[in-house]
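Beneath this line is the structure, given in structure tokens, with notes to follow.
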Amino acid sequence: MSVTTPPVPVRTTRRLPRWAPIPVLVASLLLAAGIQFLGDGPTIAGVFFIGAILFGIIMTVTSRVVEGERYAKDRLATTLVTFAFLLALIPLVSLLWIVIRDGVKRFSWEFLTTDMTGIYGQMVEGGAFHAIIGTVYVTGIASIIAIPLGIFTAIYLVEYGRGPLSRGITVLVDVMTGIPSIVAGLFAFTLFLVIVGPAYKSALIGGIALAVLMTPVVVRSVEEMLRLVPNELREASYALGVPKWLTIVKVVLRTAIAGITTGVMIAIARVIGETAPLLLTVGIATAVNWDAFDGRIATLPVFVYRQYAQGGASADRAWAAALTLIIIVMLLNLVARLVSRYFSPKGAR
Amino acid sequence: MAVTDSPPSEPEAPPKVRAGRAPGRLGNRVFQGISTASGIFILVILAAVAIFLLVRAWPAVTAAPSAFEDVGFMLGRDLWSWVWPLLFGTAISSVIALVVAVPLSIGIGLFISHYAPRRLAQGLGYLIDLLAAIPSVIFGLWGIQWLQPLVSPLFTWLSTNPATAWLEENVGPTIFSGYQAPARNILTAGLVLAIMVLPIITATVREVFLQTPRLHEEASLALGATRWEMIRQAVLPFGRSGVISATMLGLGRALGETMAVLMVLSPGYLINFFLLQPGQHQSIAANIASHFPEASGIGVDALIASGLILFVMTFGVNLVARWIIARRAEFSGAN
């Protein structure tokens, strides 16, 4: 008597093992390096690109043979999508790398605390102190205008706004975020040209140009934060007899303060690096200008641009100033993220 | 205590109970006034931008063509034949930027929303957002210092490969003809622009993909679809209008971007499609930035007129983009 064993289940679809992509990836990268040895020798970019193409081809073909067309397409899509992401990281990494590499040559305490008075030709001294002060002035003026305006507009949109006016403001604020920075510069220039006259130059003009760019960013982020505040909090406050304006100040704004801070800092980080409007409006100077309402003033982005255009020893100063600018922007972003992570109320994230 | 923010349906209380004024009434009025005024002030600013530009551009628009003969940077042309090449340069650099950035952004958006491990996704999205925070002047430096040498061999190959050579001999010059190093041409400028608009498009596309109804995705997977088939069936159809409006937002940014084009591109005032030749194209924004400091008289007005054209263009593009987003929010049913 023979025991009949059940038939071995037939696998109609064969799949590659889960770890299959790893050896294929290693092999493609090695192969890419090998191909490059035939030419001028391997470079990082070459290995990355050729390796990625080889990986895509090998993986898709193998999958087509073993798994069939549908899975081959799936694997190809996965490869392409991942490749797109890695490709986007290249500019970020390379940009940070070259700014740090070329920036540290001249970056020092002395660079941050001296200005360009008496610097000419190929002199390697001089620094960006005047430009840092100018950037603080211009961004400060923009913030003084844009932050209250933006916060109050957001309050209007969330707490008071009804009907066509509110809808119109929402749409136009959105559209305003797309105003080219150079147009904002032209606007500030013509504004002062018409009102004050052609000879007037000061940090104020640049500040107004940046305020035009900054206000919509503040409105958008603050509005988003205010909408996150639960309605129950407002109703509880009204039920206790607290007037509406006090409710907004003491309950709504208090609850959303971390998010508002984050939004405002990111808005500052966005405008602090604006170059084109400042190029048109405030120009450049070689010494510190302590008066925000009179005279040309240097700012970091314009300083970078002008110094780089001069070339030679000035180009090193441009890179050091670019590094300064990146450090400021990254710090603002980092602090903004930390504020929103550690100070936002529970459950609102 | 009286309720200060009384709903309209509240019955009128007898006067004896409501003795005195409701507390905070003045505060309410003032606060509401300030808020509303701020909102209206934003509209005023936007109108002022248009009006002031128009006021200063008007002399240039109405001037006789001969008025521009003394303006050095206009090369003796009248206003419209001067603006057309600039418009063309603006458009072509933006189109190159979008052709590169949109597929890449869709890929990145999908990667962050559907491929990356859940725990990493937010951090990876933040990395892409960092690109948006980098000042444009630094993108310009990077374009000259890093991208230009990198793409130069590629451009040489594009310009001299057998297919291009054959076409040149038998058909005529192609868009890749006549590459000259260094790569200060419109294609390089377009590539830098592409990287600058990438985070803007990605941010919108990613949000839309993340909003895909979970049930659509699971229904697709339950029918045996692979991940890619699920994305084709559920995610991409849902996100189509989002992708379109994100593209428009990216276009708005690319049209007005100044510094990258100004620093990378070697300018010219021609209308042609020679993407690899320097000295052929220039964008409106970069043109304003490079000539504004030296301009005077009617030259300033002409530059402001070109700025007004740029403003109207970007305004229109952004308005359409927002309209698509708003329409989608009304009809999608997912929000």
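The values are calculated or read from the model by the stated rules, or taken from the named source; none is laboratory data. Quick caveat, the model's predicted, so the values are computed rather than measured. Heads up, the Cβs are rebuilt from the backbone with ideal geometry, glycines too, and the neighbour counts pull from every protein chain shown. Protein only, heavy atoms only, side chains kept; ligands, DNA and RNA dropped before computing areas. Shrake-Rupley method; radii C 1.70, N 1.55, O 1.52, S 1.80 Å.
Largest accessible area first, the residues A:MET330, A:MET116 order themselves as A:MET330, A:MET116 under a 1.4 Å probe with ligands, DNA and RNA left out. The alpha-carbon positions of segment B:155-253 define a convex hull whose volume is 157 Å³ per residue.
Paramagnetic label reach from A:ARG167 (point 7 Å along Cα→Cβ; backbone nitrogen cut-off under 19 Å): within segment A:217-261, no residues.
Here is the list for segment A:33-131: GluC sites (Glu not before Pro) lying in DSSP coil, each with at most 14 other C-beta atoms within 10 angstrom of its C-beta, are A:GLU125. Estimated from helices alone, the mean residue ellipticity of chain B at 222 nm is -22000 deg cm²/dmol (sum of -39500 (n - 2.57) over DSSP H runs with n ≥ 4, per residue).
For the protein assembly as shown, the solvent-accessible area of protein heavy atoms averages 47 Å² per residue (probe radius 1.4 Å; ligands and nucleic acids excluded). Kirkwood's formula applied to the C-alpha pairs of the protein assembly as shown gives a hydrodynamic radius of 28.0 angstrom.
Helical content of chain A, expressed as a calculated mean residue ellipticity at 222 nm, amounts to -23500 deg cm²/dmol (DSSP H runs of 4 or more residues, -39,500 (n - 2.57) each, divided by residue number, nearest 500).
Comparing the full protein assembly with the isolated chain, the residues of segment B:263-288 losing at least 20 square angstrom of accessible surface (1.4 Å probe) are B:MET263, B:ILE288. Each residue, A:ARG254 and A:ALA239, gets one label point 7 Å from its Cα in the Cβ direction; the gap between the two is 1.7 nm. Rolled with a 1.4 Å probe across the full set of protein chains, the surface gives B:ILE96 an accessible area near 20 Å².
In percent, rounded to a whole number, the relative contact order of chain A is 20, using alpha-carbon pairs under 8 Å and six or more apart. Estimated at the nearest 10 Å², the accessible area of B:SER245 is 0 Å² with a 1.4 Å probe. Annotation: segment A:21-102 has a Kirkwood hydrodynamic radius of 13.9 angstrom, from the mean reciprocal C-alpha pair distance. Placing +1 on the Cβ of every Lys and Arg and -1 on the Cβ of every Asp and Glu, with nothing else charged, gives the protein assembly as shown a dipole about its Cα centre of roughly 2300 debye. What the phi angles of segment B:168-173 give under the Karplus curve with 6.51, -1.76 and 1.60, with θ = phi - 60°, is a coupling list of 4, 6, 9, 10, x, x Hz, glycine and proline written as x.
Projecting the Cα positions of A:ALA77, A:VAL304, A:PHE187 onto the charge dipole of the protein assembly as shown (unit charges on Cβ atoms of Lys, Arg, Asp and Glu, taken about the Cα centre) puts A:ALA77 furthest along the positive direction.
Legend: residues in segment B:140-179 shielded by at least 10 square angstrom of accessible surface upon adding the remaining protein chains to the isolated chain (1.4 Å probe, heavy atoms) are B:LEU141, B:TRP142, B:ILE144, B:GLN145, B:TRP146, B:LEU150.
What average count of beta carbons from other chains do you get within 10 Å of the Cβ of residues in A:155-163?
That works out to 4 on average.
With R₀ set to 35 Å, the beta-carbon distance separating A:MET123 from A:ARG101 gives a calculated FRET efficiency near 0.95. Ordered by 1.4 Å accessible area with all protein chains kept, B:TRP146, B:TRP166 run largest first as B:TRP166, B:TRP146. On a C-alpha basis, how far is the centre of segment A:97-143 from the centre of segment B:266-283 in Å? Whole number, if you could? Centre-to-centre distance over Cα atoms comes out at 34 Å. Please give the average number of partner chain Cβ atoms lying within 10 Å of the Cβ of each residue in A:277-286, rounded to a whole number. Mean number of neighbouring Cβ atoms from other chains: 2. Panel note: contact residues of segment A:212-242 (accessible area lowered by at least 10 Å² against the chain on its own; 1.4 Å probe) correspond to A:VAL212, A:THR215, A:TYR238, A:GLY241. The simple spin-label model puts a point 7 Å past each Cα toward its Cβ; for B:ASN161 and B:ARG327 those points are separated by 3.9 nm.
Note on chain B: Rg/Rh from C-alpha atoms, Kirkwood Rh, equals 1.11. Residue ranking by accessible heavy-atom surface, 1.4 Å probe, largest first, among B:MET313, B:MET259 comes out as B:MET313, B:MET259. Shown for the protein assembly as shown: the carbon plus sulfur share of the solvent-accessible area, taken with all protein chains present and a 1.4 angstrom probe, equals 67%. For segment B:138-189, rounded, prolate or oblate, judged on the Cα gyration tensor with a ≥ b ≥ c (square roots of eigenvalues), a/c < 1.5 rounded, else prolate if a/b > b/c? Note, shape of segment B:138-189 comes out prolate. Only protein heavy atoms count here; under a 1.4 Å probe, B:TRP157 has an accessible surface of about 150 Å².
Over chain A, the fraction of Cα-Cα pairs per 10 Å bin, rounded to whole percents and listed from the shortest bin up, is 5, 17, 19, 18, 18, 13, 6, 2, 1, 1, 0, 0. The Cα atoms of segment B:103-167 give a gyration tensor whose axes a ≥ b ≥ c have a/c of 1.5 or more with a/b no greater than b/c, which makes the shape oblate.
Taking a sphere under 11 Å around the Cβ of A:ALA298 and counting the other residues whose Cβ falls inside, with K and R at +1 and D and E at -1, yields a net charge of +1.
Label sites at A:LEU30 and B:LEU236, each approximated as a point 7 angstrom past Cα along Cα to Cβ, lie 3.6 nm apart. Coupling constants for segment A:129-137 follow from the phi torsions by the Karplus curve (6.51 cos²θ - 1.76 cosθ + 1.60, θ = phi - 60°), and in residue order they are 4, 4, 6, 5, 4, x, 5, 5, 4 Hz; glycine and proline get x.
In the frame of its principal axes, segment B:207-335 has Cα extents of 68, 34, 21 Å, reported largest first. Its Cα centre serving as origin, chain B has a Cβ charge dipole (Lys and Arg +1, Asp and Glu -1) of approximately 1240 debye.
Heavy atoms of chains A and B lose about 7200 Å² of accessible surface on contact, summed over both sides with a 1.4 Å probe. Across all directions, the average flat footprint of the convex hull enclosing the Cα atoms of segment A:107-242 is 13.5 nm². Counting, for every residue in A:328-334, the Cβ atoms of other protein chains within 10 Å of its Cβ and taking the mean gives 2.
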